[in-house]
C-alpha cells in the first residue's frame, strides 16, 4: 500500500511539474521577445484608443504573438496611462517593453531644422535627406498657397511663408501637414511683428523685401541697413541689382549651376532685378524674424549701395553715392588679392 501511495504521489507531482513547465514554456512563448516581420515598424495610437484596440493593432502588425500578450502586460499595470502618438518598434521586443514605451509616451519623431533664407528647393532637399517626406511631394504641397491666402491672396505658392525654424516630423507626417506647420508658425511670428492688419499687397511687398534682405546678409545688425538700401532704391526707381534674385531666376528655369554668369544678369526672367526695376514678383526665400522686422522697419539712412568687406566678417560697407561705392569695390578687390 505504501509503495502504491508513493507511486501515486510521484505521478501527481510529475503531472504538476509537467503542467507548470508547460505553462512556463507557453508563458515564455507568448510573453518573450517576438521577431517582427521587418527591422522597424511604425504604429499610430490615437487619443482614446482602448487597450483591447491597441493590443489588436500590435498583433495585426506582428509586434506581439497575440493580443493576449499585450493585455497581460496591461493587466499587471492597470493604473498606467497609455499615451497617444506615433511609435517606432524594432524587432524582438517583449510585450512588456512595448507596453512600457507606450506608457512612457516615447513617441517617434525626427527633429529637423530649416535655416533662415532657405528656399522651397532647399527645404525639399533637407526633408528628403532627413525625414520620410519626399522632395517632390513637398514641392507639390508648397505650390498650394491656400494656407496663406488670408494674408496674401496673390501668393502663387508658399515661398516666403514657410517659416524657418525647428520642427518635429513623424514617420507619418505628410508634406501638406508640414507646410501647414510652417505657415502656421509664420502666421504667429507675423502677427507678433505686425499686430495691425495690412493690405494684402503690402504683406506681399514686405515679405518679398524681407526675403532679399535675408539672402544678402547673415548679420542681424545689418539687416535694417540692407532693407534701407533696397527701400531707397525702390523710391528712386533704381534697379535693386540683388544677386540672389538672379540666382533664384536661374533656379526657377533649372539652369543654376552654382555660379552667376553674364547671361544670368541679362536674363529677362521677372525675378532678375538687374533687368527689371522694382521688387521681384514674389519672395525668393523664406525669411526669419529679424529680416521680416527689418523689412517692416528699415534703417533711416541714405544708403544706396553696399559691398562685402574683405575681412571675412560677413559684413558689408554701405555708401550713399556711386563714387563712394566704386571706391569701396576697388578696396574690396585690392584687399581680396593681397
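None of the figures in this text is laboratory data; all of them are computed from the coordinates on show. Just so it is clear, the model here is predicted, and its values are computed rather than measured. Because the Cβ atoms are built from the backbone with ideal geometry, glycine has one as well, and the counts that use them run over all protein chains shown.
In this simple spin-label model, placing a label point 7 Å from the Cα along the Cα-to-Cβ direction at both residue 329 and residue 266 gives a separation of 1.8 nm.
Taking 7 Å steps out from each Cα toward its Cβ at residue 253 and residue 188 produces label points 4.0 nm apart. Mind pulling the angle between the C-alpha long axis of helix 51-60 and the longest principal axis of the chain? Nearest 10 degrees, somewhere in 0 to 90. Once rounded, the angle reads 80 degrees.
Using R0 = 35 Å, the C-beta based FRET efficiency linking residue 241 and residue 109 works out to 0.25. Using only the Cα atoms of region 29-104, build the gyration tensor, take square roots of its eigenvalues as a ≥ b ≥ c, and label the shape rounded, prolate or oblate: rounded if a/c is under 1.5, else prolate if a/b is larger than b/c, else oblate. It comes out oblate by the Cα gyration axes.
Straightening the chain between residue 309 and residue 234 buys 24.6 nm, computed as 0.36 nm per residue apart minus the Cα-Cα spacing. Centre-to-centre separation between the Cα atoms of region 62-112 and those of region 195-212: 47 Å.
Distance from the alpha carbon centroid of region 257-285 to that of region 297-325 works out to 21 angstrom.
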